[in-house]
Structure formats: C-alpha cells, structure tokens
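What follows is a short report on a single structure.
The values are calculated or read from the model by the stated rules, or taken from the named source; none is laboratory data. Just so we're clear, the structure is a prediction, and the values are computed from it rather than from any experiment. So basically every Cβ, Gly included, is an ideal-geometry build from the backbone, and we count neighbours across all protein chains shown. Surface areas here come from the heavy atoms of the whole protein model, side chains and all, with no ligands, DNA or RNA. Shrake-Rupley method; radii C 1.70, N 1.55, O 1.52, S 1.80 Å.
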Amino acid sequence: MSAPTIRTIEPRDDVQMANVIRTVMPEFGADGPGFAIHDPEVSFMSRAYGRPRCVYFVVEDDGRVLGGGGVAPLDGGDADTCELRKMYFLPELRGRGVGRAVLERCIEAARAMGYRRMYLETLTGMDGAMRLYEKLGFLRIACSKGATGHHGCDTFYEREL
C-alpha cells in the first residue's frame with residue numbers, strides 16, 4: 001500500500017465514500033435508527049459538503065477512497081460551533097496515523113472558516129476514535145448539543161479551536 005493522499009471530496013468520490021460509511025458503521029453496531037448511516041447526505045457527500053462553511057476530506061490510496069471526515073455547521077447550534085462529521089476509515093487504514101491527519105486537517109479548516117468550537121458525537125465501542133479525540137484536546141461532555149438527529153450516539157465531545 002502506498003502513502004495515502006488526503007484531499008477534498010469530489011463528485012467522483014460519492015459512491016466510494018458512501019460504501020465506506022455503509023461498511024464501517026455496522027461494524028460498530030451503528031446501523032439502526034438514529035445513526036448517521038441513514039442521513040440522506042451519505043449518498044451525495046460532495047454536494048452536501050459543497051455548502052458554505054463545510055468541507056469534507058477523503059483519503060485516497062491507489063485510486064480507492066478508503067475513508068474520510070468533514071466539518072459542517074452544527075445543526076441547531078450557534079454559528080461559532082461546527083460539528084466533526086462522518087469520520088470513518090476502512091480497517092486497512094486504521095493504525096497508520098491517517099485518522100489523526102484527517103482530524104488535524106478538519107481542525108485547521110474549521111479555524112479558517114471562523115468556527116470557535118468543534119463538537120462531535122460518537123458511540124461506545126469506538127475506542128480508537130475516542131483516544132484520538134482526547135489526544136487532540138477534545139473533552140467529553142455530558143450530553144448532546146444541537147439537533148443532529150443522531151440519538152443513537154451515546155458519547156459527546158467538544159474542543160475549543
């Protein structure tokens with residue numbers, strides 16, 4: 001496997017990124033109601049993240065999209081808060097520092113777009129992701145924020161930017 005490339009999502013990536021999300025989420029039991037796997041944007045990520053104050057990065061290796069993560073305004077939140085959204089990676093990418101690199105790109109992009117805080121929702125069992133969030137300064141908070149519709153998530157984090 002070559003060194004993966006991190007770049008902004010393009011329309012040609014939509015099908016592959018949707019497949020990543022639909023593969024990874026069930027692996028962690030996140031395939032029922034209240035999880036992001038059912039969000040309409042999963043099928044057209046490039047369009048959903050082409051809006052103002054949004055960005056989505058994909059990880060490409062040998063022409064294949066193997067994961068990604070993005071930033072968008074927190075639905076139902078204040079204008080200073082963004083949400084880290086749909087950060088998922090196929091098993092072959094895990095443990096290679098790619099998640100950290102994508103998250104750092106998301107943090108930089110959020111700052112550049114004028115956000116002051118980043119919020120995220122996750123799920124018990126996504127232990128590697130939670131360790132990464134904590135290493136990069138995210139603090140666990142007691143309850144959800146905004147109106148994401150992801151009532152299946154049970155762990156919440158926030159970070160000042």
Of the heavy-atom accessible surface of the range 1-113 (probe 1.4 angstrom), what whole percent is carbon and sulfur?
-> 53
Under a 1.4 Å probe, counting only protein heavy atoms, residue 6 has an accessible area in Å², nearest 10, of 40
Test item: Cα-centred dipole of the chain, Lys/Arg +1 and Asp/Glu -1 on Cβ, debye = 340
Taking Cα centroids, how far is the range 8-84 from the range 131-161 in Å?
-> 17
Hey, of (i) 27; (ii) 6; (iii) 31, which did the structure itself give for percent of Cα pairs over 30 Å apart when calculated?
-> (ii)
Distribution of pairwise C-alpha distances over the range 18-63, 5 Å bins, in % = 5, 19, 24, 23, 18, 10, 1
Using a 1.4 angstrom probe, figure out how much accessible area the range 82-150 has per residue, in square angstrom, rounded to the nearest whole.
-> 48
With a probe of 1.4 Å, find how much accessible area the range 1-65 has per residue, and write the answer as a whole number in Å².
-> 49
Residue-level accessible surface for residue 23, protein heavy atoms, 1.4 Å, Å² = 80
Please calculate the 1.4 Å probe accessible area of residue 133, with all protein chains present, and give it to the nearest 10 Å².
-> 10
